[in-house]
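Note sheet for the following structure.
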Amino acid sequence: MSFNFNRNKLKDFSTNSTSTSESTTKKVPYLASLSISSFRWLWFGTILQMGAVQMGMTARTMVVDDITNSAFLSGVVAMGFAPSLLVFAIIGGWVGDKFDNRSIIQFCLICFTLVSASIGLLIAFEVIHWIHLFIASLFQGALFSLQMPSRQSLIPKLVPKSLIGNGVALIAASMATISIFSGAGIGLLYGSLGPSYVFLIISILYVISFILTSQIPSTKQIKENQNNQGLLGSTKESIAYLFNNKMILGIFLSSILVSLFALPVRLQLPIIARRLYEASSNEIGLLLSISSIGAVLASLFIASLSKSKFRGFTFLSGIFGLSACVFLLGFLPYFIAGIIIWILFGIFENIRMTLSQSLTLEYVDENFRSRIMGLYMMNYAFIPLGALPIGKSIDVFGAEKSLLIFSLIFFISSVLVLISSKELRKIR
């Protein structure tokens, strides 16, 4: 792959755009961060790992539905992420500020591989039970929360400050791009080869990601003089920092709402598609893929977005756009309409996710980055927590009514957060 663009232009941009002036409007080259070799290794490794994670989450949901025919139990398995994320997110942030980021990432990749391979073997020997998938979800939630603060806080160490947003957006774009193929691939592989082979392929992706990640420079020397506090003291300090930084707190609270009311719908897409459209495995794969196409388009847009009032407006549009998509899924329960809605869902989801992460990394002091990203990871715990009630609601009231109710609660809650946080309205 070639990344030939004007390096002098990039150098000039990096030098002149470190200012926090509100007048900064210079457009960022789309592939700017990829000119840095260490970032490229992180980028490639993240593509494969997150592709494997996305495939695994979807495959677990489909396996549970196949063996139980219960949207509620599918939500229970997805909820396995929640307690692990809540417990280990703070630990992951503390570990990320204290130890070598690359070593943490690689240790977690080894564990991801073992968990995925174990599920594949249980399915192959026909001894799989939904409890096994719940335990796997617990383990992977813990590993995810241990690893992601280190992976995210690596970006500012590998690229200049002016390219932090660009780096986050390029990683988001790569994740969305591979989702296009992993979504279609999971439907095709699941339908043709069966779930055991799906988990074998997932394990192989983790191994390749481990190899690529080994090329990232060690951050051990950087860590030697930082974060000498114990876990308890470090946690108190980082929580106090979060509550004193009103802009980051507003982003944090809005992300929790998205995780409670919008992203559970994305997690439960296979179940919702089966209930709304009686979709086959291939049709579910198609919906996953087109949602990812929207996410790619959004990430490429964000990658070139500079500081301005428009960036704050774009962030808020992502939140309210998601509430509109959840409403429309319930209001228009037709497969053709669903294709359009899921494209929009992917666009708004990635706008909100990419900007919330890049803004957090930009506005947080470097000595708190991993710990604040660890706290930020806690909002992902609310995704499976939201999946449980929506799964139960679908079983009792049906998918259409459940989606309409969730969208209304989501919209009202978002308006209340926006009204109460003037800093959130002033994001640039």
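Scan the range 189-203 for residues that are aliphatic (A, V, I, L, M) and surrounded by 15 or more Cβ atoms within 10 Å (Cβ to Cβ) and jot them down. Quick ask: steps written out before the conclusion?
First, pick out the residues of the range 189-203 that are aliphatic (A, V, I, L, M): 189, 193, 198, 200-202.
Hits for the range 189-203 are 189, 198, 200, 201, 202.
With the checklist (1) within 17 Å of residue 61 (Cα to Cα); (2) under 21 Å from the mean Cα position of the chain (by Cα); (3) surrounded by fewer than 19 Cβ atoms within 10 Å (Cβ to Cβ) in hand, flag the one item residue 91 doesn't pass.
(1)
Does residue 164 qualify as being in a helix (DSSP H, G or I), in contact (Cβ under 8 Å) with a residue 12 or more places away in the chain and crowded, with 22+ Cβ neighbours inside 10 Å? Show your work before the answer.
Working: in a helix (DSSP H, G or I): yes; in contact (Cβ under 8 Å) with a residue 12 or more places away in the chain: yes; crowded, with 22+ Cβ neighbours inside 10 Å: no.
So residue 164 does not fit the description; no.
Report yes if residue 345 is touching a helix residue (DSSP H, G or I) at 6+ places or on another chain (Cβ under 9 Å), under 30 Å from residue 192 (Cβ atoms), aromatic (Phe, Trp, Tyr) and crowded, with 19+ Cβ neighbours inside 10 Å, otherwise no.
On the way: touching a helix residue (DSSP H, G or I) at 6+ places or on another chain (Cβ under 9 Å): yes; under 30 Å from residue 192 (Cβ atoms): yes; aromatic (Phe, Trp, Tyr): yes; crowded, with 19+ Cβ neighbours inside 10 Å: yes.
Answer is yes for this residue.
I'm checking my understanding of the structure. Among residues of the range 325-342 that are of a type in the set (A, V, I, L, M) and over 20 Å from the mean Cα position of the chain (by Cα), which one is surrounded by the fewest Cβ atoms within 10 Å (Cβ to Cβ)? Explain how you work it out, then say what you get.
To start, the set of residues in the range 325-342 that are of a type in the set (A, V, I, L, M) comprises 326, 328-329, 332, 336-337, 339-341.
If we keep only those that are over 20 Å from the mean Cα position of the chain (by Cα) too, we end up with 328-329, 332, 336-337, 339-340.
Values: 328: 19, 329: 26, 332: 14, 336: 9, 337: 15, 339: 15, 340: 14.
Filtering first and then ranking leaves 336.
Is there any pair with a first residue in the range 56-69 that is within 14 Å of residue 201 (Cα to Cα) and a second that is open to solvent by 10 Å² or more (accessible area, probe 1.4 Å) and in a helix (DSSP H, G or I) whose Cβ atoms are under 6 Å apart and which are 6 or more apart or on different chains, and what are they?
59/195
Go through the residues of the range 68-75 one by one and say whether even a single one is within 18 Å of residue 388 (Cβ to Cβ), at pLDDT 85 or above and hydroxyl-bearing (Ser, Thr, Tyr). First the steps, then the outcome.
In the first step, residues of the range 68-75 are kept if they are within 18 Å of residue 388 (Cβ to Cβ); the result is 68-75.
Narrowing further to those that are at pLDDT 85 or above: 68.
Narrowing further to those that are hydroxyl-bearing (Ser, Thr, Tyr): 68.
Yes, the range 68-75 contains a residue that is within 18 Å of residue 388 (Cβ to Cβ), at pLDDT 85 or above and hydroxyl-bearing (Ser, Thr, Tyr).
Considering only the range 360-381, I want to know if a residue exists there that is in contact (Cβ under 8 Å) with a residue 12 or more places away in the chain, in contact with a Lys or Arg (Cβ under 9 Å, 6 or more places away or on another chain), part of a helix (DSSP H, G or I) and closer than 19 Å to residue 292 by Cβ.
no
Could you tell me how many of the residues in the range 390-405 are surrounded by fewer than 19 Cβ atoms within 10 Å (Cβ to Cβ) and at pLDDT below 85? Steps first, answer last, please.
From the range 390-405, those surrounded by fewer than 19 Cβ atoms within 10 Å (Cβ to Cβ) are 392, 395-398, 400-401, 404-405; that's our starting set.
From what's left, at pLDDT below 85: 392, 395.
Total satisfying the criteria: 2.
Determine, yes or no, whether residue 99 is within 21 Å of residue 54 (Cβ to Cβ), open to solvent by 20 Å² or more (accessible area, probe 1.4 Å) and over 17 Å from the mean Cα position of the chain (by Cα). Give the derivation first.
On the way: within 21 Å of residue 54 (Cβ to Cβ): no; open to solvent by 20 Å² or more (accessible area, probe 1.4 Å): yes; over 17 Å from the mean Cα position of the chain (by Cα): yes.
For residue 99, the condition - within 21 Å of residue 54 (Cβ to Cβ), open to solvent by 20 Å² or more (accessible area, probe 1.4 Å) and over 17 Å from the mean Cα position of the chain (by Cα) - is not met.
Considering only the range 190-236, how many residues are polar (S, T, N, Q), at pLDDT 80 or above and under 21 Å from residue 159 (Cα atoms)?
Filtering the range 190-236 down to residues polar (S, T, N, Q) leaves 192, 196, 203, 209, 213-215, 218-219, 221, 225-229, 234-235.
Then drop every residue that is not at pLDDT 80 or above, which leaves 196, 203, 209, 213-215.
Pick out the ones that are also under 21 Å from residue 159 (Cα atoms) and you get 209, 213-215.
Summing the residues that are polar (S, T, N, Q), at pLDDT 80 or above and under 21 Å from residue 159 (Cα atoms) in the range 190-236 gives 4.
With respect to the numbered conditions (1) at pLDDT 80 or above; (2) open to solvent by 60 Å² or more (accessible area, probe 1.4 Å), which one is the sole condition not fulfilled by residue 26?
All conditions are met except number (1).
Tally up the residues in the range 66-80 that are open to solvent by less than 50 Å² (accessible area, probe 1.4 Å) and out of contact with any Leu (no Cβ under 8 Å at 6 or more places or on another chain), please.
Going through the range 66-80, the residues open to solvent by less than 50 Å² (accessible area, probe 1.4 Å) turn out to be 68, 70-71, 73-80.
Of the ones still in play, those that are also out of contact with any Leu (no Cβ under 8 Å at 6 or more places or on another chain) are 68, 70-71, 73-74.
Adding up the residues that qualify gives 5.
The values are calculated or read from the model by the stated rules, or taken from the named source; none is laboratory data. These figures come from a predicted structure and were not determined experimentally. Cβ sites come from the backbone with ideal geometry, for glycine too, and all protein chains shown count toward neighbours. Side chains are part of the model used for accessible areas, which takes the heavy atoms of the whole protein and leaves out ligands, DNA and RNA. Shrake-Rupley method; radii C 1.70, N 1.55, O 1.52, S 1.80 Å.
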